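Asker: Have a look at this one before I ask anything.
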Amino acid sequence: QPHDEEGYSEYLYKILVVGDIGTGKTSIIKRFVHNIFSMHYKSTIGVDFALKVINWDPKTEVRLQLWDIAGQERFGSMTRVYYKEAVGAMITFDVTRMSTFDAVAKWKADIDSKVTYGPEDKPIPVVLLANKCDLGKDAFIKTANDMDKYVKDNGFIGWFETSAKENMNIEKAARFLVEHILKND
Ligand code: GTP
Ligand code: MG
């Protein structure tokens, strides 16, 4: 990675954001990058991009190139192309719709089968986002303990309850993912 005379480094990381239709991928990215939120739903077609620059510490800048992949792409054939050279991912589900949690395993398997990093072809770090937690989790029957076990058993680095609407835990989840990526680098 680039490292100038003063010891200043800049990293550029490609991050995938996937998960079923309407789970809040675009909203999470808009909140994270522009600090905005809208209840208006406009489904993503194909893929969108956003750039988030993080001043990680006084000597390190991290640029995240976020790939906002449409939920319907799980049924398409483009994900292999979209995933290329990604170094980390976020998988979202909607806590009010159990079917979107069931789809998490499919997204994880899709990523693990199509993208790896390093000479040992390791799986890329993936964080799980339980989104729309502002709506209450009555429909979602998993406890925090269940979730801890689920992420451990399924090879996620961790999970967070998020809300794009209330701006909850998005920054925290992203920082957690970046810490893992920096460690890998
Ligand atoms: P696709 O692009 O179709 O795959 O959907 P997406 O995952 O990008 O979902 P999107 O961000 O477009 O959000 C879908 C709907 O859920 C929109 O109406 C959002 O306003 C709403 N939404 C997203 N995040 C939250 C949240 O944290 N809380 C609540 N209450 N609504 C949310
Ligand atoms: Mg979208």
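The values are calculated or read from the model by the stated rules, or taken from the named source; none is laboratory data. Just so we're clear, the structure is a prediction, and the values are computed from it rather than from any experiment. Here Cβ is always computed from backbone atoms with ideal geometry, including for glycine, and neighbour counts include all displayed protein chains.
Asker: What are the residues in segment 1-44 that are within 12 Å of ligand 1 (Cβ to nearest atom), surrounded by 14 or more Cβ atoms within 10 Å (Cβ to Cβ) and basic (Lys, Arg), if any?
Answerer: Going through segment 1-44, the residues within 12 Å of ligand 1 (Cβ to nearest atom) turn out to be 17-32, 36-44.
Those still in the list that are surrounded by 14 or more Cβ atoms within 10 Å (Cβ to Cβ) too: 17-32, 37, 44.
Result: Lys25, Lys30, Arg31.
Asker: Among the candidates Phe140, Phe93, Phe101, single out the residue that is at pLDDT 95 or above and away from ligand 2 (no atom under 16 Å from the Cβ).
Answerer: On the way: Phe140 fails: at pLDDT 95 or above; Phe93 fails: away from ligand 2 (no atom under 16 Å from the Cβ).
So the residue among Phe140, Phe93, Phe101 that is at pLDDT 95 or above and away from ligand 2 (no atom under 16 Å from the Cβ) is Phe101.
Asker: Quick one: is Ala144 farther than 21 Å from Leu64 by Cβ and of a type in the set (A, V, I, L, M)?
Answerer: Details: farther than 21 Å from Leu64 by Cβ: yes; of a type in the set (A, V, I, L, M): yes.
Considered against the rule, which asks whether it is farther than 21 Å from Leu64 by Cβ and of a type in the set (A, V, I, L, M), Ala144 comes out as yes.
Asker: Could you tell me whether segment 167-185 includes any residue that is among the acidic types (Asp, Glu) and at pLDDT below 95?
Answerer: Taking segment 167-185 and keeping what is among the acidic types (Asp, Glu), we get 171, 179, 185.
Subset that is at pLDDT below 95: 185.
So far as segment 167-185 goes, yes, one or more of its residues are among the acidic types (Asp, Glu) and at pLDDT below 95.
Residue-by-condition table, conditions (1) touching a residue at least 12 places away in the same chain (Cβ under 8 Å); (2) over 27 Å from Tyr150 (Cβ atoms); (3) within 14 Å of ligand 1 (Cβ to nearest atom):
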| position | (1), (2), (3) |
| --- | --- |
| Trp56 | yes, yes, no |
| Asp68 | yes, no, yes |
| Tyr83 | yes, no, no |
| Val87 | yes, no, no |
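Asker: Any idea which of Gly46, Gly22 is farther than 25 Å from Asn167 by Cα and either of a type outside the set (S, T, N, Q) or without any contact (Cβ under 8 Å) to a residue 40 or more places away in the chain (or both)?
Answerer: Values: Gly22 fails: farther than 25 Å from Asn167 by Cα.
Answer to the selection: Gly46.
Asker: Mind listing whichever residues of segment 28-44 are more than 12 Å from the chain's Cα centre (by Cα) and either in a helix (DSSP H, G or I) or not aliphatic (A, V, I, L, M) (or both)? It would help to see each step written out before you state the result.
Answerer: Residues of segment 28-44 that are more than 12 Å from the chain's Cα centre (by Cα), as a first pass: 30-31, 33-44.
Matches in segment 28-44: Lys30, Arg31, Val33, His34, Asn35, Phe37, Ser38, His40, Tyr41, Lys42, Ser43, Thr44.
Asker: Further question: I'm trying to understand the selection: among the residues of segment 88-106, which are crowded, with 16+ Cβ neighbours inside 10 Å and over 14 Å from the mean Cα position of the chain (by Cα)? Please lay out each step first, then the result.
Answerer: Of all residues in segment 88-106, those crowded, with 16+ Cβ neighbours inside 10 Å come to 88-97, 100-101, 103-104.
Once the filter is applied, which keeps residues that are crowded, with 16+ Cβ neighbours inside 10 Å and over 14 Å from the mean Cα position of the chain (by Cα), segment 88-106 yields Val95, Thr96, Arg97, Thr100, Phe101, Ala103.
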